[in-house]
1. Work out how much length Gln182 to Val57 would gain on full extension: take 0.36 nm times their residue separation and subtract the Cα-Cα distance, in nm to one decimal.
2. Not counting ligands, DNA or RNA, and with a 1.4 Å probe, what is Ile122's accessible surface area in Å² rounded to the nearest 10?
3. Each label point is 7 Å from the Cα along the Cα-to-Cβ direction; what then is the distance between the points at Lys112 and Glu98, in nm?
4. Among Ala79, Ala67, Leu132, whose Cα projects farthest towards the positive end of the dipole of region 67-132, with charges put on the beta-carbon of Lys, Arg (+1) and Asp, Glu (-1)?
5. Fully extended, how many nm does the chain gain between Glu123 and Ala68 (0.36 nm per residue separation, minus their Cα-Cα distance)?
6. Any idea what the dipole of region 109-214 comes to, in debye rounded to 20, about its Cα centre with Lys/Arg Cβ at +1 and Asp/Glu Cβ at -1?
7. Going 7 Å from the Cα of Ser144 in the Cα-to-Cβ direction, what parts of region 34-54 have a backbone nitrogen less than 18 Å from that spot?
8. On the full set of protein chains, 1.4 Å probe, figure out the accessible area of Trp185 and give it in Å² to the nearest 10.
Amino acid sequence: MKSGKWKLGVSLCLLVFALMFLGGCGGSDSNQQTRIFGPWAGSWTSSTTFLDAPEMVDVYKMLAEKAAAAGKKTNTPEAVKAFFKAMGNSDFAGLRLEGDKVTFLNADGTSKETLSYTYEGIEKRKFGEYPLSWSTFQATSASSYKYLVMMPPEQHGTGPVHFHVRYGDKGIAYLLDTPALQGWWPTLCKEGTTAAKYAAGILEGADEMVGMLP
């Protein structure tokens, strides 16, 4: 009898574990759809909002010096800044993600546009020899932001938590495979990131960044 009770207890514990951490087996597709932006939930600030900040002056200078020593063509502070602006270019100042919705934000924090999306799966690609996993999404209505491809949030060293996104209205494959877009890395930093923290993160990874300069 004791053995039977023990087995029943173990079974109940396993069931609770499954429901808490694996989501159970009975979750509806509609519930999953409302959580498609779970890893990115919250508000994010475009890195482009930091690029003209005084904190970035020394960053451009130091990267330019390293680039010149490495024989790079992009080897002046002005050229490095232009590279950053082109690499991270976006026509919104931030994003707010909740449920299945994305709100594209203006510089003053007001809403530019809000769209609902469906999850379209993972697309595998490489950046050089580095493997990438892009989560892909499609809006339920027409927009210049019809398609989104997004990398998972990450943090390099003590730099800001951030993720990379591409967007457009020409399809997922276009965003991932068009040669002219391979150097396009719009970057969204976690809400609360300051220009100083962003600058410090770039300096911390300066050698890697110089490697990306043409």
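The values are calculated or read from the model by the stated rules, or taken from the named source; none is laboratory data. Worth saying up front: this structure is predicted, and the values here are computed from it rather than measured. Every residue, glycine among them, receives a Cβ derived from its backbone with ideal geometry; neighbour counts consider all protein chains shown. Areas reflect the complete protein model, heavy atoms only, side chains present, ligands, DNA and RNA absent. Shrake-Rupley method; radii C 1.70, N 1.55, O 1.52, S 1.80 Å.
1. Numbers: separation 125, 0.36 × 125 = 45.00 nm, distance 2.63 nm.
Stretched fully, the Gln182-Val57 segment lengthens by 42.4 nm.
2. In the full protein context, Ile122 sits at about 80 Å².
3. Inter-label distance under the simple model: 2.0 nm.
4. The one lying farthest along the dipole's positive direction is Ala67.
5. Working: separation 55, 0.36 × 55 = 19.80 nm, distance 3.63 nm.
Taking 0.36 nm per residue and subtracting the Cα distance, the gain is 16.2 nm.
6. Using Cβ point charges on Lys, Arg, Asp and Glu, region 109-214 gives about 240 debye.
7. Correct set: 46-49.
8. That residue has around 30 Å² of solvent-accessible surface.
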